[in-house]
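This report concerns only the one structure given below.
None of the figures in this text is laboratory data; all of them are computed from the coordinates on show. Predicted, not measured: the structure shown is a model, and the values here were computed from it. Glycine also receives a Cβ, built like all others from the backbone with ideal geometry; neighbour counts cover every protein chain displayed.
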Amino acid sequence: MDIVIIGLPQSGKTNLFNALTLGKSDASGASGSPTEMHIGMVKVPDRRLEHLGAIYHPRKIVPAEIRYTDLPGPEGMARSQGISGRYRNILQSATAFLVVVRAFQNDSVPHPAGAINPARDLEAMLGELTFTDLEVLERASTRLADQVNKTKPAERPMVVRQKETVDKARAGLENGVPVRLQTFSDSERSILVNYQLLTEKNVIAVFNTDEGADEISIAELDIDPALTAGVGQVSISARVEAELSTMDPEEADEFRSDFGLGESATSQVIRASYDTLGLVSFLTVGDDEVRAWSVPGGMPAVSAAGVIHTDFTRGFIRAEVIAYDDYRACGSMVQGRKEGLLRSEGKTYPVKDGDIINFLVNT
Ligand SMILES: Nc1nc2c(ncn2[C@@H]2O[C@H](COP(=O)(O)OP(=O)(O)O)[C@@H](O)[C@H]2O)c(=O)[nH]1
Ligand SMILES: [Mg+2]
């Protein structure tokens, strides 16, 4: 999973990146330098892996991972600096965006627009994504209109269909509806995939608040609900979290309980990301490795097998599945089988969070 952090300059993107990655990754150049791009891999915390590791003593324990990218600050994303330029391909390859929204007061960090206004800033950033998609689609529409006349008659209907789809998405965007929330047929979706649209991607708003300040709720902000439907949200103090992330975990935990701070930014942001994207983790166990795999919830077992190895899709025979909690309760696979908790499932079985799966495959 590849998550790109965006937001207005000085909203706290680099602070958030540091909070998420410091001490948890080999973040390259997490120096806070505004001119560098920062990339860091973060292991998704999962207690279940620790418990399973203690049972299986595998050679390695492999958690799911998230890759975070922090774009260079000043050029971040202001329209005047051309999101369409240098960074567009990074944005296009993202799985989702974290939009950092400034809610903290800090007189030494002037807001580019004057007053602090989270609703305005979130709307501006979402508008930025819409604007970029509109540019892409307008260009595509012009090109396709041109192509209709030049193309062979046999291929004309296909080009016409492409143009209609592009124009439909444009119309939706002009009404303020992100592409991910518009209704398309499968064939229309497969046309739009080629344009790698930014409003197709999920968004998690990270409100960067003063420590101890109330959480911000999107529902209470004055923003067109069409624009923010399905947008995930967390409120954290990026600066405090960045500082905590440099401490030993025990020291940080103590600090958290002393000051009544909740879960770490990493946990909160990861949970919001999984919820917003509808992701779950299934687990595989063995002497070699105990591992977590993140997939969309309800993914058919045959596709989940393909996430482990593409050949597993073709060779899929069946999946032996037991829920993690059931496994813990009955203590062993043998007992699980006796109690009927370890089931044999077919290709279409919808994978759930915490399923321990053994795929039987023909290779
Ligand atoms: N008071 C306060 N200042 C913050 C907070 N987060 C960021 N800042 C300050 O805002 C400035 C910009 O932060 P930075 O993470 O570099 O923003 P970026 O430009 O979005 O990457 C820095 O001087 C930070 O110390 C916060 O939660 N509280
Ligand atoms: Mg920065």
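Considering only DSSP beta bridges with both partners in the chain, what is the antiparallel share in %, to the nearest 5?
Counting only bridges with both partners in the chain, antiparallel ones make up about 50 percent.
Do the sum for the chain: with -39,500 (n - 2.57) for every DSSP H run of n ≥ 4, divided by all residues, what is the mean residue ellipticity at 222 nm, to the nearest 500 deg cm²/dmol?
Taking each H run of at least 4 residues, the total per residue is -11500 deg cm²/dmol.
For the range 127-199, would you read off the P(r) tail past 15 Å as a percentage of all alpha carbon pairs?
The answer is 50 percent, as a whole percent.
Of Ala64, Ala145, Ala238, which has the largest mean-square fluctuation in a 10 Å C-alpha GNM of the chain?
Greatest mean-square fluctuation among the candidates belongs to Ala145.
Rounded to whole Å and ordered largest first, report the semi-axes of the equivalent ellipsoid of the chain derived from its Cα gyration tensor (root of 5λ).
Over the Cα atoms of the chain, the semi-axes work out to 37, 32, 17 Å.
Restricting to the range 178-319, what percent of DSSP beta bridges are antiparallel, rounded to 5?
Details: 6 of 11 bridges.
Of those bridges, close to 55 percent are antiparallel.
Along the charge dipole of the range 196-244, Cβ charges K/R +1 and D/E -1, which of Val240, Ala213, Thr228 sits furthest on the positive end?
Of Val240, Ala213, Thr228, it is Thr228.
Which value in nm describes the separation of the simple spin-label points at Arg88 and Ser108, placed 7 Å from the Cα toward the beta carbon?
The modelled label-to-label distance comes out at 3.9 nm.
Once label points are set 7 Å from the Cα along Cα→Cβ at both Asp214 and His57, what is their separation, rounded to one decimal in nm?
Reported label-point gap for Asp214 and His57 is 5.5 nm.
Among Met247, Met1, rank each residue by its count of other Cβ atoms within 10 Å, from fewest to most, as a rough exposure measure.
Met247, Met1
With r as the distance between the Cβ atoms of Gln268 and Ser344 and R0 = 56 Å, compute the FRET efficiency 1/(1 + (r/R0)^6) and round to 0.05.
Working: r = 37 Å, r/R0 = 0.67.
After rounding to 0.05, the efficiency reads 0.90.
Report the one residue of Phe104, Ala304, Pro249 whose Cα lies farthest in the direction of the positive end of the charge dipole of the chain (charges on C-beta: Lys and Arg +1, Asp and Glu -1; origin at the Cα centre).
The listed residue farthest towards the positive side: Ala304.
Return the long-range amide H neighbours of Glu345 (sequence gap of 5 or more, or a different chain), with a cut-off of under 5 Å between placed amide H atoms.
So Glu345 has HN proximity to Ala319, Glu320, Val321.
What is the extension gain from Asp146 to Ala229, computed as 0.36 nm multiplied by their sequence separation minus the C-alpha to C-alpha distance, in nm to one decimal?
That works out to 26.3 nm of additional length.
Compute the separation of the alpha-carbon centres of the range 308-363 and the range 163-217 and state it in Å as a whole number.
Measuring centre to centre over Cα atoms gives 35 Å.
Efficiency by 1/(1 + (r/R0)^6): what FRET value for Met37 and Arg156, r their Cβ-Cβ distance, R0 = 30 Å, to the nearest 0.05?
After rounding to 0.05, the efficiency reads 0.10.
Which cross-chain or sequence-distant (5 or more) residues have an amide H under 5 Å from the amide H of Leu279, H modelled 1.01 Å from N in plane?
Gly297
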